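What follows is a short report on a single structure.
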Amino acid sequence: SKKIVIKIGSNVLSDENGVVDKKVLHNIAEQVNDLISMGKQVILVSSGAGICGVGAINKWSRRGDINYKQALCAIGQVELMMAYKEYFADYGIHVAQILLTRDDFSDPHRTLNIRNAMFTLIDEGVIPVINENDSVSVDEIKIGDNDTLAALTASLWNADLMIILSDIDGVYDKDPKTESDAKLIDLVENADRLIETISIGGTSSFGTGGIASKIEAASRVNKFGIPMLLLNGEKENIIRKSLDGKSRGTLFL
Ligand code: ADP
């Protein structure tokens with residue numbers, strides 16, 4: 001697979017205080033650099049703006065309203081991109097920010113422009129870092145979670161593989177955070193059927209998607225013939241290890 005979309009979850013990138021995990025992000029940059037050296041092309045879809053916003057202004061939101069959340073995302077997006085810029089610069093890689101909403105995928109004219117911008121960036125050796133444009137995303141035009149955004153991006157770009165980095169090793173038959181005997185599912189050949197057979201626990205505080213949105217994203221890209229890998233982004237060199245068969249994860253075909 002040559003064209004790879006990698007989605008990075010907010011729990012992977014930051015701790016609960018909204019501080020970007022330097023070790024993790026540095027390792028992600030290293031792994032992306034490895035992939036590029038192997039002749040692959042990479043687009044990143046990154047969550048974490050909201051939690052980074054909390055970290056930046058150094059207080060938890062007492063207000064849960066939409067405008068406050070949008071403000072946190074607007075603040076945190078800058079922190080996030082600064083971190084990406086810094087860590088990818090260590091490998092001489094430039095990053096570029098693309099903020100999208102649902103409308104961008106439904107209007108053919110916009111879709112074409114985005115696709116052209118993506119191809120141009122990649123041709124220039126730049127890594128696009130995509131996120132939802134939270135400060136303009138009211139409900140009607142919201143994608144809602146970055147698993148779906150990554151899936152839309154992967155199909156728009158005709159990716160060969162999509163990787164979701166989360167804080168668990170893959171999909172289990174029940175929530176591994178609360179059930180100690182949960183079993184990892186290595187291979188899923190029908191994502192739609194899987195969702196009816198497993199038990200799904202709650203989402204983390206800042207993740208909006210949860211495991212259900214990851215399975216739905218898999219279903220979406222699988223329909224386009226794009227395989228999806230769900231991996232634990234907190235583990236060092238997880239992409240390389242998994243591609244070498246040295247670490248577990250869930251593969252959706
Ligand atoms: P991210 O921020 O990476 O998008 P989420 O918090 O949205 O991650 O979703 C991952 C979480 O889903 C895991 O931390 C896990 O606790 C929870 N979860 C619930 N049920 C399951 C399950 N059956 N298999 C795997 N994870 C599950």
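The helices (runs of 4 or more DSSP H) found wholly in the stretch 1-120 and carrying at least 1 residues that are in contact with a strand residue (DSSP E or B) (Cβ under 7 Å, 6 or more places away or on another chain) and within 16 Å of the ligand (Cβ to nearest atom) occupy 10-13, 22-37, 49-57, 66-89. Against the condition touching a Gly at 6+ places or on another chain (Cβ under 9 Å), at pLDDT below 95 and open to solvent by 50 Å² or more (accessible area, probe 1.4 Å), how does Thr208 come out, does it pass? Yes, satisfied.
From the residues in the stretch 165-187 that are aliphatic (A, V, I, L, M) and farther than 24 Å from Ile28 by Cβ, which one is least open to solvent (accessible area, probe 1.4 Å)? Looking at residues that are aliphatic (A, V, I, L, M) and farther than 24 Å from Ile28 by Cβ, I get Ala182.
Here is a yes/no grid of residues against (1) without any contact (Cβ under 8 Å) to a residue 24 or more places away in the chain; (2) open to solvent by less than 80 Å² (accessible area, probe 1.4 Å); (3) of a type outside the set (A, V, I, L, M, F, W, C):
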| site | (1), (2), (3) |
| --- | --- |
| Lys214 | no, yes, yes |
| Ala217 | no, yes, no |
| Arg220 | no, no, yes |
| Pro227 | no, yes, yes |
| Leu230 | no, yes, no |
| Glu234 | no, no, yes |
| Lys241 | yes, no, yes |
| Thr250 | no, yes, yes |
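Within the stretch 153-186, being among the basic types (Lys, Arg) and either more than 13 Å from the ligand (Cβ to nearest atom) or touching a strand residue (DSSP E or B) at 6+ places or on another chain (Cβ under 9 Å) (or both) holds for one residue alone: Lys183.
Scanning the stretch 1-27 for residues that are hydrophobic (A, V, I, L, M, F, W, C) and under 11 Å from the mean Cα position of the chain (by Cα) yields Val5, Ile6, Ile8, Val12, Leu13.
Condition check: touching a residue at least 40 places away in the same chain (Cβ under 8 Å) and either open to solvent by 20 Å² or more (accessible area, probe 1.4 Å) or over 18 Å from Ser14 (Cα atoms) (or both). Does Val42 satisfy that? Yes; evaluated as a whole, the condition is true for this residue. Looking only at the stretch 170-187, decide whether some residue is small (Gly, Ala, Ser) and either within 15 Å of the chain's Cα centre (by Cα) or under 24 Å from Leu112 (Cβ atoms) (or both). Scanning the stretch 170-187 turns up at least one residue that is small (Gly, Ala, Ser) and either within 15 Å of the chain's Cα centre (by Cα) or under 24 Å from Leu112 (Cβ atoms) (or both).
Let's see how each residue does on (1) under 29 Å from Ile66 (Cβ atoms); (2) under 15 Å from the mean Cα position of the chain (by Cα):
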| position | (1), (2) |
| --- | --- |
| Gly202 | yes, no |
| Glu216 | yes, yes |
| Phe224 | no, no |
| Glu236 | no, no |
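All of Asp107, Asp90 fail the test of being farther than 15 Å from Ala49 by Cβ, of a type outside the set (Val, Ile, Thr) and in contact (Cβ under 8 Å) with a residue 60 or more places away in the chain, apart from Asp90. Filtering Thr111, Thr148 for residues that are at pLDDT 95 or above and surrounded by fewer than 20 Cβ atoms within 10 Å (Cβ to Cβ) leaves a single hit, Thr111.
The values are calculated or read from the model by the stated rules, or taken from the named source; none is laboratory data. Being a predicted model, the structure only gives us computed values, none of them experimental. All Cβ positions, glycine included, derive from the backbone under ideal geometry; neighbour counts span all protein chains shown. Remember, those area values only see protein heavy atoms, side chains included, never the ligands or the DNA or RNA. Shrake-Rupley method; radii C 1.70, N 1.55, O 1.52, S 1.80 Å.
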